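Just below is one structure, and these are the notes that go with it.
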Amino acid sequence: MSAIEKVSDLMAQYRAGYSLPGPLYYDQDVFDLEMKAIFGTQWLFACNECEVKEPGDYLTLELGRNSIIIVRDDNGEVTAWHNTCRHRGSRICQEHKGSVGRLVCPYHQWTYDLDGTLLAATQMPDDFDPKRYSLKPVHVCNVAGLVYICLAKEPPDLEHFKRTVSPYIIPHQPARTKVAFESVLIEKANWKLVIENNRECYHCAGNHPELLVSLVEAALPNDTRTHWFGDLMKRKGNEWDALGLPHQPVNGGIEFRCIRLPFNEGVTSMTMDGKPACKKLVGDLTERDLGSVRMFHVPNNWNHFLSDHIIHFRVIPRGPMETEVRTTWLVHEDAVEGWDYDVNRLAEVWQITNQQDQVLAEQNFLGVQSDAYEPGPYSPTGEFMILDFNRWYTTTMGEHLPPGAPGLRVAAE
């Protein structure tokens with residue numbers, strides 16, 4: 001059986017409303033197709049633009065065999081390039097982040113401008129045309145300060161997402177922040193299990209007591225699982241309406257989600273005691289009790305936008321059995337560490353929560369490899385966001401199978 005036939009057969013086995021067949025979580029052929037069909041074609045969250053604040057500031061992002069440079073050019077624009085020298089293919093930027101005047105390949109010193117143009121290549125013949133050897137570009141879209149990249153030659157439309165979520169994000173002004181703390185976890189689990197774990201709070205009561213100091217398990221304004229949530233949502237919604245802050249769930253279909261939800265009564269930030277994490281609010285906000293804007297976009301990013309800080313989560317597969325989870329905590333660009341905020345207090349809740357989630361995802365991953373595993377049913381109330389994610393996943397994968405392949409049946413169900 002060829003790799004495509006294997007993936008097609010596994011896709012055809014998927015039953016809507018249930019978890020995925022085991023090999024879809026760990027098979028190498030499945031992963032190889034995912035890197036082409038998903039991570040090679042979709043818009044991916046890369047970073048906050050404040051991470052490349054000045055011309056020449058850059059960071060790199062590893063996507064399978066591809067390394068990408070995200071850099072701010074001399075015109076102040078955030079751009080992205082394949083981190084591959086046009087001479088013999090060497091990596092150019094070999095550090096995770098830094099600041100440069102030019103992009104210089106360390107192998108033979110081919111030198112590129114920040115706009116990708118080849119400026120210098122010594123010992124080449126007279127008929128050598130440097131214009132033919134600029135760095136290969138990567139598509140970039142800046143969504144209210146959040147940088148998304150796409151490796152596809154013709155990327156999918158992102159305008160609906162950008163137009164829809166920007167009114168929720170702009171009041172928090174992500175571009176006017178700075179990274180106060182960064183955490184990178186390498187989880188021994190498939191990337192889809194990491195995403196699935198994030199897409200539900202069914203597990204929160206049994207695993208995240210620190211997070212539930214602030215976070216309400218309810219994920220929709222009309223959630224009936226807690227009798228008091230409807231009254232809280234209505235009252236806070238009226239307050240946010242008066243402030244001109246949108247809060248109702250957006251129409252993101254199965255590709256993205258954005259909503260402002262309140263914290264527990266009396267809580268204003270995601271801290272161990274629910275009290276503020278930073279004295280200085282982000283953007284030009286003046287009210288503390290704004291809950292959080294929760295935003296998710298397939299396939300690799302979710303966020304919390306609070307009144308006093310912002311948290312970005314970025315998921316990058318490192319193979320079928322390993323996933324990198326990068327979390328950044330951001331505060332107002334003028335906030336002073338030790339006066340306006342304490343890093344340990346700021347990051348404590350989500351550092352603990354991320355470590356708890358790592359254990360859950362890794363144990364889940366071990367379980368789906370067992371001979372005893374068979375797909376189980378999702379809760380329509382507690383896990384509805386996973387249902388959306390799996391619909392998106394199976395549809396996207398199905399679109400990259402040959403015409404007539406069994407897996408295409410999944411996309412139509």
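FYI, it's all coordinate maths here, none of it is from the lab. A quick note: this is a predicted structure, and the numbers were derived from the prediction, not measured. All Cβ positions, glycine included, derive from the backbone under ideal geometry; neighbour counts span all protein chains shown.
The figures follow:
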{"quantity": "Distance cut-off 23 Å, percentage of C-alpha pairs in the stretch 44-150 lying past it", "calculated": "23"}
{"quantity": "Residue exposure sequence - Trp228, Trp43 - by fewest surrounding Cβ within 10 Å", "calculated": "Trp228, Trp43"}
{"quantity": "Radius of gyration and maximum dimension Dmax of the stretch 159-368, Cα, Å", "calculated": "16.6, 49"}
{"quantity": "The stretch 208-275 and the stretch 85-102: distance between their alpha carbon centers, rounded to Å", "calculated": "43"}
{"quantity": "Most positive-pole-ward Cα, Pro276, Pro317, Val343, against dipole of the stretch 241-353 from beta carbon charges", "calculated": "Pro317"}
{"quantity": "Highest to lowest packing among 23-29, 338-344, scored as the average C-beta count within 10 Å", "calculated": "23-29, 338-344"}
{"quantity": "Cys residues of the chain counted as unpaired, since no other Cys beta-carbon is under 4.7 Å", "calculated": "Cys47, Cys50, Cys93, Cys141, Cys150, Cys258, Cys278"}
{"quantity": "Other-chain or far-sequence residues with amide H under 5 Å of Tyr112's (modelled H)", "calculated": "Leu103, Val104, Cys105, Leu119"}
{"quantity": "Gained length - Val184 relative to Glu322, 0.36 nm times residue gap less alpha-carbon distance", "calculated": "48.4 nm"}
{"quantity": "Among Leu33, Ile4, His108 - extreme Cα towards positive end, dipole of the stretch 1-108, charges at beta-carbon", "calculated": "His108"}
{"quantity": "Cβ-based net charge around Ile70, under 10 Å, with every Lys or Arg adding one and every Asp or Glu removing one", "calculated": "-1"}
{"quantity": "Only Lys, Arg (+1) and Asp, Glu (-1) charged, at Cβ; the stretch 283-388 dipole about Cα centre in debye", "calculated": "260"}
{"quantity": "Per-residue ³J(HN,Hα) for the stretch 191-208, Karplus 6.51 cos²θ - 1.76 cosθ + 1.60, θ = phi - 60°, Hz, x for Gly and Pro", "calculated": "4, 5, 5, 5, 5, 4, 4, 6, 7, 8, 10, 4, 8, 5, 4, x, 9, 10"}
{"quantity": "Gap separating the Cα centres of the stretch 344-403 and the stretch 140-196, nearest whole Å", "calculated": "19"}
{"quantity": "Dipole of the chain, positive end: most advanced residue of His247, Thr84, Ser370 [Cβ charges, Cα centre]", "calculated": "Thr84"}
{"quantity": "Note, ³J(HN,Hα) from phi for the stretch 326-338, Karplus 6.51, -1.76, 1.60, rounded to Hz, x at Gly and Pro", "calculated": "9, 10, 10, 9, 10, 10, 3, 4, 9, 5, 10, 4, x"}
{"quantity": "Spatial separation of Cα centroids for the stretch 297-321 and the stretch 29-56, in angstrom", "calculated": "12"}
{"quantity": "Identified option (computed Cα extents along the principal axes in Å; candidates (1) 73, 55, 49; (2) 78, 59, 34; (3) 60, 57, 50)", "calculated": "(2)"}
{"quantity": "Net charge of Cβ neighbours under 15 Å - reference Ala3; Lys, Arg +1; Asp, Glu -1", "calculated": "-4"}
{"quantity": "In sequence order, calculated HN-Hα J values of the stretch 109-122 (Karplus, 6.51, -1.76, 1.60; Hz; x Gly/Pro)", "calculated": "6, 4, 10, 10, 6, 5, 8, x, 5, 6, 9, 8, 8, 6"}
{"quantity": "Along each principal axis, Cα extent of the stretch 300-387, largest first, Å", "calculated": "54, 28, 19"}
{"quantity": "Size of charge dipole - the chain - debye, nearest 20, with Cβ of Lys, Arg +1 and Asp, Glu -1, no other charges", "calculated": "340"}
